[in-house]
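Trainee: Can you read through this structure? Questions will come right after.
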Amino acid sequence: MKEEKNMGLLERKKYERSVRRRKSRIRIATTCGLILLVTVFVCVFWKPWKRYSWGTSVTNQTDESNKKKSKEEIRKEMMAEAEGLVLCYAYDEAIETLKSIDGYQKQKEIKAKIAEIEAKKAACVPVKLEDIVHICYQPLVVDEEKAFGTGANGKEVSNNQKMTTIDEFKAITEEMYQRGYVMVSIHDLYEVTEDKEGNEVWKEGKIFLPEGKKAFVLTIDDLNYYHASEDYGLNEKLVVDQDGMVVSEYVDAEGETQVGAYECIPIIDQFVAEHPDASYKGAKGLISLTGYNGVFGYRTDVTYDTSNPDCDSEQKAWMAEHPNFDLDKECEEAKKVADALKANGWEFASHTWGHARVADRGIDSLKTDIRKWKENVEPIVGETDVITFAYGQDIATKAGAYAASNEKFEFFKEEGFKIFSNIVTEHTEVFIGDGYLRFGRINLDGLAIYKATKKTENELSDLFDAKEIYDADRPKMKEM
Ligand SMILES: [Zn+2]
C-alpha cells in the first residue's frame, strides 16, 4: 500500500488499469472458468437451494496439484474450462486458455476448437450504449402476508407499492433471459484510454454479443435489512453456506429459521449456474448499500454503542434484545459475506451512509455522510467508484453533462466516485462525461409492474409482459 501511495499519477493510472485487468480475469476465471463442469454437477447433484462452488480454474491451480495429474487430464480440464468461457462470451480468454495447452499447435482438436471460437467471436455484434437497460430492486418480499397484510404495522400499502416478490423476481429474470437479455457489469459500459498528454479519455466500452442478444445492468438497493422494515416479511440476513455461496436467512411465521435462496443474490447465482449465457463474462449485479443500520443484516455501524450520542432508539431497542452483541464479530461476519459476493462476480456501490436526499441536503451534510460511509461500510465491502442516489433524487436537475459549477458532483468525484446513478421512470438514461458515467436505473417495484399491466405498450414491455409477471396474490394496488 505504501508503494501505491508514492506512485506518480501516470504510474498510478497504469497500475490501477493493470489491477483492474487482473481482477477482471480473476473474476472471469472464478465465476465461469469451470461452468461446463459445474453445469454437469448441477444436473447430476442439484438439490434445492444448494449449489456447487465454481472451484478453481485449472490455470489457477497450484503446480503441486497439477503435478499429480497426467498431461491428458490437464488438457481435458483446460478444454472444459475453455468451453465454459465460451458460454459466457469470454472468447479471447477461451482462446488464451487453449493456447496455453502444451503443444497445442500440433493438436488438430484444439486448433479446430480455436477456429470455432474465432468464428463465434466474429459473428458477434457490438452492443449500443443507449440500448443497455439498468434495472433495480429492493430486498425481496419472502412473506407476502406479513408485507402486504395487517402485520406490516400500517406500512402494507407502501410495501405493496415499493416491494417485489420472489415469484415476480424469478419470473422477470426468466423472461428477460428468454428475450435475450445478458447481465453485464456497470464497469463494462465504458473504456478509459489516454490521450497524447496522458489525460484520461472516457468512451463507450466494447461489449460484443451474439446477434439478437441485449445487455442489462442489475442493481439491488438497500441490501441492509433495516430495523424499520423488521415487520415487512423480509429476510433477516445474508450468510455464506458451506460451498462458499451467499444465501439468505429467513424466520418464518412459526419462528423457524429457514436458510435458502429467498433473496435476489442466491436466485441470480443459481440462475447463472444453470444458464451461463445469462451473464457476460461472469458479471452479476451491483449491490448498493447504506450504512446506518449495518449491512446484509449485520449491525456493523459504529453507532451500535449505547454510549455513542448518535445511537438511536431503534438501535438501542435492538441492542437490548441482543445483549451479547459484539461489533467486531458483526463486521467480521459481514466481511465474509462481502468477500463471497465479490468472488462470485457481485460488485458494490455506495447508496450514501444515511440514505441521503442528495438534492435536499447541503454539501457539508453530504461530506459528513460520505465520511461515515467510508469509515463504516468501505472496510467491509472495499472501495467503490459507484454511487446510487435514493428517493428519486439527483445532484443535477438535467440529464447529460454535469455543470462545472456543480459542487456536489465535484465533491463526489474527489471522493473517488466515477459512476452516478439516479432513479428514472422511462427508458434508462445513460451519459459518458469527462471522467464519469451517469446511468439511471428503473425501479422494478410493485407499483411500476402494476402500472405496466394497465397498458399494452409501456416502458417495461421490452423487458417482459407485466400482466404475466404481476403477482396475482397482491392486495389491490393503491396508485400514488
Ligand atoms: Zn434506497
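Trainee: Considering only the range 335-374, how many residues are of a type in the set (G, A, S), touching a helix residue (DSSP H, G or I) at 6+ places or on another chain (Cβ under 9 Å) and within 15 Å of G285 (Cα to Cα)?
Mentor: Within the range 335-374, residues that are of a type in the set (G, A, S), touching a helix residue (DSSP H, G or I) at 6+ places or on another chain (Cβ under 9 Å) and within 15 Å of G285 (Cα to Cα) number 5.
Trainee: Can I ask one more? Just wondering, is there one or more residues in the range 442-451 that are more than 22 Å from the chain's Cα centre (by Cα) and in a loop (DSSP other than H, G, I, E, B)? Write out each step before concluding.
Mentor: The initial filter retains those residues of the range 442-451 that are more than 22 Å from the chain's Cα centre (by Cα), namely 447, 450-451.
Now narrow it down to the ones that are in a loop (DSSP other than H, G, I, E, B): none.
Within the range 442-451, not a single residue is more than 22 Å from the chain's Cα centre (by Cα) and in a loop (DSSP other than H, G, I, E, B).
Trainee: Criterion first (buried (at least 16 other Cβ atoms within 10 Å of the Cβ), part of a loop (DSSP other than H, G, I, E, B) and charged (D, E, K, R)) does E459 satisfy it?
Mentor: On the way: buried (at least 16 other Cβ atoms within 10 Å of the Cβ): yes; part of a loop (DSSP other than H, G, I, E, B): yes; charged (D, E, K, R): yes.
In short, yes.
Trainee: Here is a list of conditions, (1) surrounded by fewer than 22 Cβ atoms within 10 Å (Cβ to Cβ); (2) within 27 Å of K374 (Cβ to Cβ), and K203 meets all of them except one; can you say which number that is?
Mentor: Only one criterion is unmet by K203, namely (2).
Trainee: Out of the residues in the range 122-166 that are of a type in the set (G, A, S) and not in a helix (DSSP H, G or I), which is surrounded by the fewest Cβ atoms within 10 Å (Cβ to Cβ)? Explain how you work it out, then say what you get.
Mentor: Step one: list which residues in the range 122-166 are of a type in the set (G, A, S), which gives 122-123, 147, 149, 151-152, 154, 158.
Keeping just the survivors that are not in a helix (DSSP H, G or I) gives 123, 149, 154.
Working: A123: 10, G149: 13, G154: 8.
Ranking the qualifying residues of the range 122-166, first place goes to G154.
Trainee: Let me ask you something else. Criterion first (surrounded by fewer than 16 Cβ atoms within 10 Å (Cβ to Cβ) and either touching a residue at least 60 places away in the same chain (Cβ under 8 Å) or among the acidic types (D, E) (or both)) does D364 satisfy it? Explain how you work it out, then say what you get.
Mentor: Working: surrounded by fewer than 16 Cβ atoms within 10 Å (Cβ to Cβ): yes; either touching a residue at least 60 places away in the same chain (Cβ under 8 Å) or among the acidic types (D, E) (or both): yes.
When the stated conditions are applied, D364 passes them.
Trainee: Looking at (1) within 18 Å of D241 (Cβ to Cβ); (2) of a type outside the set (S, T, N, Q); (3) in contact with a strand residue (DSSP E or B) (Cβ under 9 Å, 6 or more places away or on another chain), can you tell me which one A349 breaks?
Mentor: That leaves (1) as the condition not met.
Trainee: Continuing with the same structure: Taking the stated definitions as given, is D301 surrounded by fewer than 23 Cβ atoms within 10 Å (Cβ to Cβ), assigned by TED's automatic domain parsing to the domain that holds V386 and modelled with pLDDT of 95 or more? It would help to see each step written out before you state the result.
Mentor: Working: surrounded by fewer than 23 Cβ atoms within 10 Å (Cβ to Cβ): no; assigned by TED's automatic domain parsing to the domain that holds V386: yes; modelled with pLDDT of 95 or more: yes.
Answer is no for this residue.
Trainee: Looking at K170, is it in contact (Cβ under 8 Å) with a residue 24 or more places away in the chain, among the basic types (K, R) and touching a strand residue (DSSP E or B) at 6+ places or on another chain (Cβ under 9 Å)?
Mentor: Values: in contact (Cβ under 8 Å) with a residue 24 or more places away in the chain: yes; among the basic types (K, R): yes; touching a strand residue (DSSP E or B) at 6+ places or on another chain (Cβ under 9 Å): no.
No; evaluated as a whole, the condition is false for this residue.
Trainee: Could you tell me whether the range 297-317 includes any residue that is under 14 Å from V240 (Cβ atoms) and not in a helix (DSSP H, G or I)?
Mentor: yes
Trainee: Then there's this: One residue is enough: does the range 272-287 have a residue meeting the conditions of a type in the set (A, V, I, L, M), in contact with a strand residue (DSSP E or B) (Cβ under 9 Å, 6 or more places away or on another chain) and within 16 Å of the ligand (Cβ to nearest atom)? Outline the logic, then answer.
Mentor: We begin by selecting, within the range 272-287, every residue of a type in the set (A, V, I, L, M); these are 272-273, 278, 283, 286-287.
From what is left, the residues that are in contact with a strand residue (DSSP E or B) (Cβ under 9 Å, 6 or more places away or on another chain) are 272, 278, 283, 286-287.
Okay, now just the ones that are also within 16 Å of the ligand (Cβ to nearest atom), so 286-287.
Looking through the range 272-287, at least one residue is of a type in the set (A, V, I, L, M), in contact with a strand residue (DSSP E or B) (Cβ under 9 Å, 6 or more places away or on another chain) and within 16 Å of the ligand (Cβ to nearest atom).
Trainee: Return the pairs, sorted by first residue and then second, in which the second residue is among the polar types (S, T, N, Q) and assigned to a helix (DSSP H, G or I), the first residue lies in the range 90-115 and is modelled with pLDDT under 95, the beta carbons are less than 7 Å apart, and the residues are 6+ apart or on different chains.
Mentor: Taking only residues 6 or more apart or on different chains, the pairs are S100/T59.
Trainee: Now, a different point. Tell me the strands (runs of 3 or more DSSP E) entirely within the range 197-236 that contain at least 1 residues that are within 16 Å of the ligand (Cβ to nearest atom) and among the acidic types (D, E). Don't jump to the end; show me each part of the working.
Mentor: On the way: elements: 200-204, 208-210, 214-221.
Because the criterion is at least 1 residues that are within 16 Å of the ligand (Cβ to nearest atom) and among the acidic types (D, E), the strands (runs of 3 or more DSSP E) in the range 197-236 that meet it are 214-221.
Trainee: Still on this structure, I have one more. Going by the structure shown, is R299 within 16 Å of the ligand (Cβ to nearest atom), out of contact with any Cys (no Cβ under 9 Å at 6 or more places or on another chain) and among the basic types (K, R)? First the steps, then the outcome.
Mentor: Values: within 16 Å of the ligand (Cβ to nearest atom): no; out of contact with any Cys (no Cβ under 9 Å at 6 or more places or on another chain): yes; among the basic types (K, R): yes.
Considered against the rule, which asks whether it is within 16 Å of the ligand (Cβ to nearest atom), out of contact with any Cys (no Cβ under 9 Å at 6 or more places or on another chain) and among the basic types (K, R), R299 comes out as no.
Trainee: Ok, one more. Of the residues that make up the range 343-361, is at least one farther than 30 Å from D188 by Cα and in the same structural domain as E263 (by TED's automatic domain parsing)?
Mentor: Yes, the range 343-361 contains at least one residue that is farther than 30 Å from D188 by Cα and in the same structural domain as E263 (by TED's automatic domain parsing).
Trainee: Still on this model: Give the range 371-402 a look and list any residue that's among the polar types (S, T, N, Q) and surrounded by 13 or more Cβ atoms within 10 Å (Cβ to Cβ), or say none. Spell out how you get there, then give the answer.
Mentor: Going residue by residue through the range 371-402, those that are among the polar types (S, T, N, Q) are 376, 384, 388, 393, 397.
Residues satisfying the conditions are N376, T384, T388, Q393.
The values are calculated or read from the model by the stated rules, or taken from the named source; none is laboratory data. Everything numeric in this text was worked out from a predicted model, so none of it was measured. Reconstructed Cβ throughout: ideal geometry from the backbone, glycine too, with neighbour counts over all protein chains shown.
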